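Novice: Pasting in a structure now, in structure tokens, and then I'll have a few things to ask.
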Amino acid sequence: MGPHHNDATPNTDPPSSLLAAADLEKVRARDPEALGRLFDAYFGRLYSLAYRLMGNEAAAQDIVQELFLRVHKAAHQLDVTRDPAPWLLTITTNLCREKWRSRQGRQDKATLSLDAKPEYTENVAAKVATPEQDAIEADHGRLLEEALDRLPEPMRLVVVLHDMQGLNHEEIAEVIDEAAPAVRKRYSRALVKLRELLQDHKPDVLE
Amino acid sequence: MSERDNMNLTPEERQMQESVRDLGEVRADDAFRAKLRQQFVSGEIAEGETTAEAEAPKIVEMPPQKRRRRGFLAVLPAMAAMLAIIFFNGGDPEWEMKDVRGTGTVTVNEQTVDAADRDAVANLIVPQAHISVPEGVQLDIVLDGVLVVGVAGPAEFTLPDNPDGDDYAYQTTVHKGEFRIKTGPEFPGSQVLILTTEGRIEITGTTIAVYKNDEVTCVCVLEGTALIGKDGAHLDAIGAGMRKVMFVDGSEPAIIPIEPGHEHGLLEFEGYNEHTFDD
């Protein structure tokens, strides 16, 4: 799976890439073995990103299926001098954002007449009161995952890219095509919001 | 890989950050992974799809951030209008379409044009224009350096006039739908007044959204503070993260946290317009 270097020739592999330039050239030609190496190198990271952004397995599977379809169709456009990771992360996040928008459009239409009802805080309160909720309150990881799912999507996006995918703010800005200061600000807000959501759920989780 | 050192996070924020990092990677179902890999490697995944290189998708699909360049002939009317404004108005900025997205129409002062015809839409934008967009169309209009407003259809509003020395620098009316507004660096500090049938919203420097339908006016504040009330004598100062809901039937208004879906829309609007005032 790793890069195959010949010591006699200069290394022209893209920096940070999990695949050598030679492999990426073969990906461009849709060589099955190279496609397999690309898949093996990045599938786990991209699936995890899709899952964290979409919040469930079915949606994550839909996203990565569409992602690899697009990668296959656009393989000839791959820039072999660059690490393909940002390209793949960009496609994945864009697919998730498209999905959010289509879902958001339906949601806005459905809830506009319900603006007066604080359904969101009510839902949280209702959740705290259920016996099942009592049962999982000890599980901080699950609570945190639930809180993450309830973060507004643009906030969730920067938290996941920063803390789960290891991107810095400038790299996130590149991926989501926004300014780095805006990303930084949103990231900080997101952490505060996430903490609030956890506190709503179970205050002593954070103690 | 991440520049995690130079951030001025509070201890609480850092605790959150560390907790999130501890969550780790999510593993896919093995059978799903194996099947998708086989389809990808064999090319089966693209069967039935167009594989011609010329028709391959444009894979980085980002919203346009830069102002559109219009053809010379198309901008002639706008140039003429601008000259007139400069002559009479001392060079004040003018409202200009920033972007229009989606499929449908845009109606400005009873003239309806296809949203895809960007030049036609742009040429209709004038101060105090009565604008409506159907579901599926989003329109952003900018007053250079001062304000950017965005509507997501179905929506109907009246674009503010240029300042005229009254108490409020800008005044606009939201008739229905979703209306977002963000102030820019050259915003003079005087107030923007937004009116609906249920209330009035006064802002001085902020990002907010106004949702208006047959039952309520809901004002969400993302940044800064907005004064919101039924009339000038009953204004509440609503801060970031909160919203005020005013009812058509006269019920007691509610001040509650922003609904996540609305916050999402505002964050996208803010991100989308991050560079709007850069020029």
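The values are calculated or read from the model by the stated rules, or taken from the named source; none is laboratory data. Since we're looking at a predicted model, the values are computed, not measured. Using ideal geometry, Cβ is built from the backbone for each residue, glycine included, and neighbour counts are taken over all protein chains shown.
Novice: Suppose we keep only residues that are farther than 15 Å from B:V210 by Cα and buried (at least 21 other Cβ atoms within 10 Å of the Cβ) within segment B:161-180. Which one would you say is modelled with the lowest pLDDT?
Specialist: Step by step, filter segment B:161-180, then rank; the result is B:A169.
Novice: Taking the options A:L67, A:L46, A:L53, name whichever one is in contact with a Cys (Cβ under 6 Å, 6 or more places away or on another chain), touching a residue at least 12 places away in the same chain (Cβ under 8 Å) and of a type in the set (A, V, I, L, M).
Specialist: Answer to the check: A:L53.
Novice: Considering each residue of segment B:251-279, count those that are in a loop (DSSP other than H, G, I, E, B) and either facing chain A (nearest Cβ under 7 Å) or touching a residue at least 60 places away in the same chain (Cβ under 8 Å) (or both), and give that number.
Specialist: So the answer is 7.
Novice: Please state which one of A:H169, A:H140 is farther than 30 Å from A:T90 by Cβ and either surrounded by 14 or more Cβ atoms within 10 Å (Cβ to Cβ) or at pLDDT 50 or above (or both).
Specialist: Checking each option against the conditions leaves just A:H140.
Novice: A further question on this structure: Which residue pairs have Cβ atoms closer than 7 Å, lie 6 or more positions apart in sequence or on different chains, and pair a first residue in segment B:125-150 that is on the phi > 0 side of the Ramachandran plot and more than 14 Å from chain A (Cβ to nearest Cβ) with a second residue that is surrounded by fewer than 22 Cβ atoms within 10 Å (Cβ to Cβ) and in a strand (DSSP E or B)?
Specialist: B:Q128/B:T158
Novice: Out of the residues in segment B:237-246 that are within 13 Å of B:R200 (Cα to Cα) and surrounded by 18 or more Cβ atoms within 10 Å (Cβ to Cβ), which is nearest to the other protein chains (Cβ to nearest Cβ)?
Specialist: Per the criteria, the residue is B:V245.
Novice: Looking at segment A:191-203, which of its residues are within 9 Å of chain B (Cβ to nearest Cβ) and either buried (at least 21 other Cβ atoms within 10 Å of the Cβ) or touching a residue at least 40 places away in the same chain (Cβ under 8 Å) (or both)?
Specialist: A:L191, A:K193, A:L194, A:L198, listed by residue number.
Novice: In segment A:174-186, how many residues are more than 8 Å from every other protein chain (Cβ to nearest Cβ) and either surrounded by 21 or more Cβ atoms within 10 Å (Cβ to Cβ) or under 13 Å from A:R52 (Cβ atoms) (or both)?
Specialist: Total meeting the criteria: 2.
Novice: Condition first: within 30 Å of A:C96 (Cβ to Cβ), hydrophobic (A, V, I, L, M, F, W, C) and modelled with pLDDT under 80. Can you find one or more residues in segment B:260-275 that meet it?
Specialist: no
Novice: Only one residue in B:V216, B:V121, B:V126 is under 25 Å from B:T103 (Cβ atoms), crowded, with 18+ Cβ neighbours inside 10 Å, at pLDDT 85 or above and not polar (S, T, N, Q). Which one?
Specialist: From the options B:V216, B:V121, B:V126, the qualifying one is B:V121.
Novice: Consider segment A:75-125. How many of its residues are small (G, A, S), crowded, with 16+ Cβ neighbours inside 10 Å and modelled with pLDDT under 60?
Specialist: Result for segment A:75-125: 1.
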